[in-house]
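Shown next, in structure tokens, is the structure this report addresses.
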Amino acid sequence: MAWFEKLVTPPARIATEAVWAVCPACKAYVPREEWNSAWRVCPRCNFHDRLTCRERIELVTDAGSFQELNAHVSFADPLKFEDVSGPYAAKAKATVSKTGLGEAVVTGGAKVDGIPVVLGVMDFRFLGGSLGSGTGDRILLAAEEALRLRQPYIIFSASGGARMHEGIISLMQMARTCAAIARLQEAGIPYLSVLTDPTTGGVSASYAMVGDLNLSEPKALIGFAGRRVIEQTIKQKLPADFQTAEYVLEHGFIDHIVERKAMKRFLASALRYAGQ
């Protein structure tokens, strides 16, 4: 009867999240391996989920070609800002530790299908991709590097807008980044802007919308103020597709919508058309 007393080890359980990804848009369950291999694009509804800056760099650049620039530039706290949730500096430091990023954008030199470029990629995980003094410094310094090397400049935006913790210093970055990009355009150096979900506020009102070519991923949220704020201001109900990439394209604010899997090929084609 000893076999009745034999201990049976239960099979190891695998967490659901490790096996399935759930599409934020249509709630479809997608095998995690398929989800990751498709760069987080839903096979059912074509929803493009957010990528980290490192994932996007891997997606659009040639393997091993990215060399980071300006990594030493980080956030500043000129106002010593503090609210009921605590000091801004403490929040920023916690975000640095959590994400491994020093700011909301990573910049560097890379190659896109063999074409040398200067690249800036925003990451929404860093304080909502907000535009602070460090963000502006990195974008401006990268633009100056593109001007020095006479290489195309590409920025992938993902932002909730200006970083209010830095007050007017944050708003100044809108003018500084646009001025740096204007110098590129005066020199005949291509600047390509790619708007990803979301691109709003002070970023959409500055460098994200002044590209020689303004692109977007499908269904990305693009706008300035939020839907609720606008509806309360104008006392009207907005269309269901308001502030989607498709709506913005239809009204002439961007030039083209590009599927994520086709982005690298499209950028390379556009750069070659521009003589790169």
Looking across the stretch 134-155 at residues that are among the aliphatic types (A, V, I, L, M) and farther than 23 Å from residue 59 by Cα, the single one that is surrounded by the fewest Cβ atoms within 10 Å (Cβ to Cβ) is 149
Does residue 173 satisfy being over 18 Å from residue 56 (Cα atoms) and either part of a helix (DSSP H, G or I) or in contact with a Gly (Cβ under 7 Å, 6 or more places away or on another chain) (or both)? yes
Single unsatisfied condition, residue 124 versus (1) in contact with a strand residue (DSSP E or B) (Cβ under 7 Å, 6 or more places away or on another chain); (2) free of Cβ contacts under 8 Å to residues at least 60 places away in the same chain: (2)
By residue number, the members of the stretch 248-276 that are assigned to a helix (DSSP H, G or I) and buried (at least 17 other Cβ atoms within 10 Å of the Cβ) are 248, 249, 260, 263, 266, 267, 268, 270, 271
Can you confirm whether the stretch 163-173 contains a residue that is touching a residue at least 60 places away in the same chain (Cβ under 8 Å), under 18 Å from residue 71 (Cα atoms) and buried (at least 20 other Cβ atoms within 10 Å of the Cβ)? no
Need the failing condition index for residue 32 against (1) within 21 Å of residue 264 (Cα to Cα); (2) outside the structural domain of residue 260 (by TED's automatic domain parsing), just the number. (1)
In the stretch 23-64, what residues are crowded, with 17+ Cβ neighbours inside 10 Å and among the polar types (S, T, N, Q)? 52, 61
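The values are calculated or read from the model by the stated rules, or taken from the named source; none is laboratory data. Computed from a predicted structure; not experimentally measured. Virtual Cβ from ideal backbone geometry, glycine too; neighbours counted across all protein chains shown.
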